[in-house]
Amino acid sequence: MAVQSRAARLAPVVDMAEAEEREAARNLGKCQTLLNQAEGKLQSLHQYLADYQQQWITEGRQGVSGQWLMNYQRFLAQLETAINQQNQSVAWNRNNLDKAREIWQQRYARLEGLRKLVQKYLDEARVAADKREQKLLDELSQRLLQRERN
């Protein structure tokens, strides 16, 4: 009975650990979404750069004005700056994702450890109850044998 109450006393701790693990999993998912968005923006910027460079090739064949060339170079510099900033954003989001994954793994491991401990306590309680029942059955059979002999 005392062993079973140990498992019951751990129930609120397990509930709290489950809530913490769920929250860590939600945060991990949020971080993954943010990383995916940042990578998508980076890919779009690279595609835009490639498209713009293709436009340069097309326009360049036909001849361009000095003004067009200056605008192209200025825009290209801005686009490269945006790509560099987005690379930093991707790295920052990837770092956050790694941290969130580590936190979730810790919370999950703690939860699993608690669940195993509760299961151990329940198993111990079941074994103790089985032993008590067997002992009671043995005592009853001994009494019956003694009555039959008397």
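Laid out as a table, the results:
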{"item": "Which numbered condition Met16 misses (of (1) surrounded by 15 or more Cβ atoms within 10 Å (Cβ to Cβ); (2) over 30 Å from Lys131 (Cβ atoms))", "result": "(1)"}
{"item": "Unique residue being touching a residue at least 60 places away in the same chain (Cβ under 8 Å) and hydrophobic (A, V, I, L, M, F, W, C) when the list is Val118, Val64, Val127", "result": "Val118"}
{"item": "Those residues of segment 53-77 which are more than 30 Å from Ala38 (Cβ to Cβ) and either modelled with pLDDT of 90 or more or exposed (fewer than 11 other Cβ atoms within 10 Å of the Cβ) (or both), in sequence order", "result": "Thr58, Arg61, Gln62, Gly63, Ser65, Gly66, Gln67, Met70"}
{"item": "Every residue from segment 4-58 that is of a type in the set (Lys, Arg), under 21 Å from the mean Cα position of the chain (by Cα) and more than 30 Å from Arg126 (Cβ to Cβ)", "result": "Arg26, Lys30"}
{"item": "Residue count for segment 19-31, restricted to those that are surrounded by fewer than 16 Cβ atoms within 10 Å (Cβ to Cβ) and within 21 Å of Val90 (Cβ to Cβ)", "result": "2"}
{"item": "Residue among Ala125, Ala82, Ala129, Ala109 that is of a type outside the set (Phe, Trp, Tyr) and under 17 Å from the mean Cα position of the chain (by Cα)", "result": "Ala109"}
{"item": "Condition check for Arg126: at pLDDT 95 or above and part of a helix (DSSP H, G or I)", "result": "no"}
{"item": "Search result, residues across segment 3-13 that are hydrophobic (A, V, I, L, M, F, W, C) and surrounded by 15 or more Cβ atoms within 10 Å (Cβ to Cβ)", "result": "Val3, Ala7, Leu10"}
{"item": "Test result for Leu117, surrounded by 13 or more Cβ atoms within 10 Å (Cβ to Cβ), in contact with a Leu (Cβ under 9 Å, 6 or more places away or on another chain) and under 30 Å from Arg6 (Cβ atoms)", "result": "yes"}
{"item": "Pick from segment 50-77, criterion in a helix (DSSP H, G or I) and hydroxyl-bearing (Ser, Thr, Tyr), ranking: nearest to Lys30 (Cα to Cα)", "result": "Tyr52"}
{"item": "One residue from Glu112, Glu80 being surrounded by 12 or more Cβ atoms within 10 Å (Cβ to Cβ), part of a helix (DSSP H, G or I), in contact (Cβ under 8 Å) with a residue 12 or more places away in the chain and not hydrophobic (A, V, I, L, M, F, W, C)", "result": "Glu80"}
{"item": "Within segment 86-105, considering residues that are polar (S, T, N, Q) and in contact (Cβ under 8 Å) with a residue 60 or more places away in the chain, the one surrounded by the fewest Cβ atoms within 10 Å (Cβ to Cβ)", "result": "Asn96"}
{"item": "Tally, over segment 24-76, of residues that are within 30 Å of Arg101 (Cα to Cα) and acidic (Asp, Glu)", "result": "1"}
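The values are calculated or read from the model by the stated rules, or taken from the named source; none is laboratory data. Since the structure is predicted, the reported quantities are computational estimates derived from the model, not experimental observations. Positions of Cβ are backbone-derived with ideal geometry, glycine not excepted, and every protein chain shown enters the neighbour counts.
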